[in-house]
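S.K.: Let me begin by handing over the structure; questions about it come next.
The values are calculated or read from the model by the stated rules, or taken from the named source; none is laboratory data. Predicted model, so just to flag it, every value in this text is computed and none were measured. Positions of Cβ are generated from backbone atoms using ideal geometry, with glycine treated the same way; all protein chains shown enter the neighbour counts.
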Amino acid sequence: MEARHALPLRIGVGVFRRSAPVTRVLKGSTGLRKVSPVNNEMTELSIERRAKRHVWSRDHDFLAVCAPGLEAACRAELSALDSKVLTVIRGGVAFAGRLEAGYSANLWLRSAGRVLMRVDRFRAGAYEEIFSKSRKMYWETLLAPGALLSFRTVVRYSRAGHTERVEKAILDGIQARFNELGLKRPMLVEPEGPSERLPEVQEVYVRMEGNQCLLSLDMSGPPLHFRGYRKDVHHAPIRETMAAGLLLLMGWRREEPLLDPMCGSGAFPIEAALMGHNRAPGLRRDFAFTRWPCFRPKSWEYLLREAAKSERNAPPLRLLGRDRDPDAIRAAEENFRRTGIEHRVAFETADFFQTKAPFDSGVLAINPPYGKRVSTGSDPAKLYREIGRKIRADYGGWRVLILVPGWRAAQALHLNPRSTVLLDHGGFPVLAVMTDAVKTI
């Protein structure tokens, strides 16, 4: 797929506050999809009927969340999935479709970090209104009895009060709904200090602006850059979603050679291999939506079968990762081995400045060490001057994709960029510089 970069629409989306992570959850949590009512008022059959009426039979709005700067790549991917794209915002693309459209987005999107499903919108200006309208929502079709919840909330210009009060009103409404139906109430996890997000916790996104409340559920669970293959990491790794999104913006084609001369854990060549073989990036991982009571296993199994059938038995791709650190090469090789792709990516220990281009042309994708993530010494621009000089001397005819920490570093390359994209990489702003075929010195 070839995606052209376009400037993202600058629509502010705010900063979500993540509920404190947890190391322990409340006792008495249950299995997630099978409904076990406290009484006979709410059976699995009645849950199914409600799911058919409220979830299965109508279109929904979704948001594919991506790193700011990758919106054009994400939009192109959604269009290729025949999703109805609604709008592009900074850091995301809104789209619409049946529940299965959300399934497909989680399975196939390479550049998105997660997918949210919008579940309710309403006007409310006080705790009582938020509670009352939250209680009327068909939560029993989306949350399993006893589900563990975590909130990510932003509140702006609202009379409803501070973040915690808004969250409490929504949680109280959800629990009141389950009490009325005779089902075990979902519970908020207990924060006990820093830890990684627990995969069984369902995240609820709340956005309150003025008297407008928007509720969303995270469909993905662990972020989508967890493809299931990368367990060995090296210094300053680039996320898989960013690597894939940049390759899409670059317009890399599977017949083109690709070289990452500072490959670290191997994200660029491995993501190119997945793209070249048409491997669905979500084929080997779990998702939060599979634990929802409204989950449709037959629809999901069909999508998985179709994804497996669409994977190409392609001729070997010309993909090469180099790094001067042998530990990085070992990590990259192990990561690629876990993908299970038959045609291997070539990894070799080599110094970029001491080696030549392996092919006459191709895409040179580089994520060099930079900034606070990896020390570049007292003169960071010197590294980029040397990289640019090497590219102009030995990589004539190659198209270049390189991440740099700012405009000064980009100018030090002395390349002629086709486009630049401002990104957030691990909390630091970086520029992705993309060129057409480089002319030699």
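S.K.: Those residues that are surrounded by fewer than 21 Cβ atoms within 10 Å (Cβ to Cβ) and in contact with a strand residue (DSSP E or B) (Cβ under 8 Å, 6 or more places away or on another chain), I need them from the range 413-430; list them, please.
M.R.: ASN416, PRO417, ARG418, SER419, THR420, LEU422, LEU423, ASP424, PRO429
S.K.: Mind checking which residues of the range 240-261 are buried (at least 20 other Cβ atoms within 10 Å of the Cβ) and either within 30 Å of ARG98 (Cβ to Cβ) or touching an Asp or Glu at 6+ places or on another chain (Cβ under 6 Å) (or both)?
M.R.: Just the residues of the range 240-261 that are buried (at least 20 other Cβ atoms within 10 Å of the Cβ), to begin with: 240-250, 252, 258-261.
Residues satisfying the conditions are GLU240, THR241, MET242, ALA243, ALA244, GLY245, LEU247, LEU248, LEU249.
S.K.: Give the range 230-270 a look and list any residue that's of a type in the set (Ser, Thr, Tyr) and under 24 Å from ASP351 (Cα atoms), or say none.
M.R.: Listed by number, the list holds a single entry, SER265.
So that you can scan it fast, the table gives a plain yes or no per residue for (1) surrounded by 21 or more Cβ atoms within 10 Å (Cβ to Cβ); (2) closer than 18 Å to PHE62 by Cα:
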site: ARG114; (1), (2): yes, yes
site: ARG123; (1), (2): no, no
site: PHE131; (1), (2): no, no
site: MET137; (1), (2): no, yes
site: GLU140; (1), (2): yes, no
site: PRO145; (1), (2): yes, no
site: TYR157; (1), (2): no, no
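S.K.: Kindly indicate whether ASP323 is under 21 Å from VAL404 (Cβ atoms), of a type in the set (D, E, K, R) and either out of contact with any Ser or Thr (no Cβ under 6 Å at 6 or more places or on another chain) or surrounded by 15 or more Cβ atoms within 10 Å (Cβ to Cβ) (or both). Break it down stepwise before answering.
M.R.: Details: under 21 Å from VAL404 (Cβ atoms): yes; of a type in the set (D, E, K, R): yes; either out of contact with any Ser or Thr (no Cβ under 6 Å at 6 or more places or on another chain) or surrounded by 15 or more Cβ atoms within 10 Å (Cβ to Cβ) (or both): yes.
Yes, satisfied.
S.K.: Which one of GLU306, GLU334 is at pLDDT 90 or above, assigned to a helix (DSSP H, G or I) and loosely packed, with under 13 Cβ neighbours inside 10 Å? Full working, then the answer.
M.R.: On the way: GLU334 fails: loosely packed, with under 13 Cβ neighbours inside 10 Å.
Only one candidate passes the filter, namely GLU306.
S.K.: At pLDDT below 75 and under 18 Å from the mean Cα position of the chain (by Cα): which single residue out of VAL35, VAL25, VAL85, VAL15 fits that description? First the steps, then the outcome.
M.R.: Values: VAL35 fails: under 18 Å from the mean Cα position of the chain (by Cα); VAL25 fails: under 18 Å from the mean Cα position of the chain (by Cα); VAL85 fails: at pLDDT below 75.
Going through VAL35, VAL25, VAL85, VAL15 in turn, the sole match is VAL15.
S.K.: Starting from residues that are surrounded by fewer than 21 Cβ atoms within 10 Å (Cβ to Cβ) and hydrophobic (A, V, I, L, M, F, W, C), keep the ones in the range 281-294 and report whichever is nearest to the chain's Cα centre (by Cα).
M.R.: LEU283
S.K.: Which condition from (1) hydrophobic (A, V, I, L, M, F, W, C); (2) modelled with pLDDT of 95 or more; (3) touching a helix residue (DSSP H, G or I) at 6+ places or on another chain (Cβ under 9 Å) is the one that LEU148 breaks?
M.R.: (3)
S.K.: Which is assigned by TED's automatic domain parsing to the domain that holds LYS133, assigned to a loop (DSSP other than H, G, I, E, B) and modelled with pLDDT of 85 or more, of ARG207, ARG197, ARG185?
M.R.: Of the residues listed, the single one that is assigned by TED's automatic domain parsing to the domain that holds LYS133, assigned to a loop (DSSP other than H, G, I, E, B) and modelled with pLDDT of 85 or more is ARG185.
This table checks each residue for (1) of a type in the set (D, E, K, R); (2) assigned to a helix (DSSP H, G or I); (3) at pLDDT 95 or above; (4) crowded, with 17+ Cβ neighbours inside 10 Å.
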{"position": "ILE329", "(1), (2), (3), (4)": "no, yes, yes, yes"}
{"position": "GLU342", "(1), (2), (3), (4)": "yes, no, no, no"}
{"position": "PHE347", "(1), (2), (3), (4)": "no, no, yes, yes"}
{"position": "SER361", "(1), (2), (3), (4)": "no, no, yes, no"}
{"position": "ALA365", "(1), (2), (3), (4)": "no, no, yes, yes"}
{"position": "PRO369", "(1), (2), (3), (4)": "no, no, no, no"}
{"position": "SER375", "(1), (2), (3), (4)": "no, no, no, no"}
{"position": "SER378", "(1), (2), (3), (4)": "no, no, no, no"}
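S.K.: Check every one of the strands (runs of 3 or more DSSP E) wholly within the range 33-140 and list those with 3 or more residues that are of a type in the set (Ser, Thr, Tyr) and without any contact (Cβ under 8 Å) to a residue 12 or more places away in the chain.
M.R.: Working: elements: 60-66, 84-89, 92-97, 112-123.
Result: empty, no element qualifies.
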